[in-house]
Amino acid sequence: MLMAAADARMADVSIFSPASPQAGWIVDLAILTLAIIGIIFLVVEGVLFYSVWRFRRNKSDVSGEPAQVYGSEPIEIAWTAAPTMIVFFLVLVTTRTLWQVEASPVKPREGDQPLFVTVIGHQWWWEYRYDSYDGRSIGFITANELHIPIGDNQTARPVHLTLQSGDVCHSYWVPRLGGKVDLIPGRTNLLSFETTEPGLYLGQCAEYCGAQHANMMLRVVAEPAAEFEAWLAQQAQPAVEDAAVAEGKAAFLANSCVNCHRISGTLADGNAAPDLTHLMSRETIAAGQVPNTLKNLRTWVHDPHEIKPGVLMPAFGLSEQEEEQIVEYLRTLK
Ligand code: CUA
């Protein structure tokens, strides 16, 4: 199970299988650059090996040594000009790709049904504030798993992310969908992409942001527009009320959980930790680190550091009964 998950992850993060035009332009540039440096490598190594072979020492014959050249203007000019031209060419094509990737969202097309989401990077999870879709404003907040729509008949729906940080620098990188863009405290950056291929896209925070940087995973679920609409409607609902878990809810609200987490429709309204209103609609917990199973949720509530050492949520030392009640309550938050 874990290996299968790891294999899927390896397959899903290759920059060489782009699933958006933006990622496609970036991989084109990467291939061009690799080809140029590959040719340079072959030429340099070729000349080196030729020289080693051609002028190898031969005991019976010392006349095979090459004539020494002391100062040559044409050679100096050639090996200064050639690399300069190559670097200049790479700067030009890189600038063009940067411009292409950044300019693409600026020009809205006829019939676009864009999705706007504000992403806030936190140590060590992602907050998603759904702002608007197809001109309609949306107001819910979720965490760690971004859902995006795909239009009918292979049409793309542009996704525009507004990137901000709640603490330190992070970097948003889903290799198959686009390039890396940093989330910088006090600044707003933009990232846009679109895809016509449904599926799960994985990514990773790409800027060192503290102890759990490597476990700040990204999950993007691209789904057909109808499914996406259903997901939107479901996420906009307040949390499910279930009398059977009233004790767990009371325990949750009576403890420090409420200072950081939000559960819409209750008094819990913190925004320092993931919104739990629809926790059970997410496949993973701890920013994509482990599957959202009963066992993992129990471990997390008991002591999150067993899963994510250094995480800002402490082990609260609740009684076993309280922990179990809280887990039962959380499990109803569909
Ligand atoms: Cu967030 Cu690295």
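The values are calculated or read from the model by the stated rules, or taken from the named source; none is laboratory data. Only a predicted model underlies this, so the values are computations on that prediction, with no experimental measurement involved. Here Cβ is always computed from backbone atoms with ideal geometry, including for glycine, and neighbour counts include all displayed protein chains. The area values use the complete protein model at the heavy-atom level, side chains included, leaving out ligands, DNA and RNA. Shrake-Rupley method; radii C 1.70, N 1.55, O 1.52, S 1.80 Å.
Observations on the structure shown:
- Å³ per residue enclosed by the Cα convex hull of the stretch 115-180: 92 Å³
- Ratio Rg/Rh, restricted to the stretch 193-334 and using Cα atoms, in which Rh is the Kirkwood radius: 0.98
- Computed over the chain: relative contact order in percent, which uses C-alpha pairs under 8 Å that are six or more apart: 15 percent
- Judged by the mean number of other Cβ atoms found within 10 Å, the most tightly packed of the peptides 310-319, 71-80 leads the ranking 310-319, 71-80.
- Within the chain, helix-based [θ] at 222 nm, where runs of 4 or more DSSP H residues each add -39,500 (n - 2.57), nearest 500: -12000 deg cm²/dmol
- Percent of C-alpha pairs per 5 Å bin, the stretch 89-247, short to long: 2, 8, 16, 20, 19, 15, 10, 5, 2, 1, 0, 0, 0, 0
- A protection proxy built from the mean count of other Cβ atoms within 10 Å ranks the segments 223-231, 141-149, most packed first, as 141-149, 223-231.
- Taking the average, over residues, of other Cβ atoms within 10 Å as the packing measure, peptides 323-334, 37-48 rank 323-334, 37-48 from highest down.
- Residue-normalised accessible area of the stretch 95-194, given per residue in Å² at a 1.4 Å probe: 45 Å²
- With contacts taken as Cα pairs under 8 Å at a separation of at least 6 residues, the stretch 111-267 carries a relative contact order of 21 percent.
- Globularity ratio of the chain, using Cα Rg and 2.2 N^0.38 Å: 1.34
- P(r) tail fraction, the stretch 212-254 - alpha-carbon pairs more than 17 Å apart, %: 62 percent
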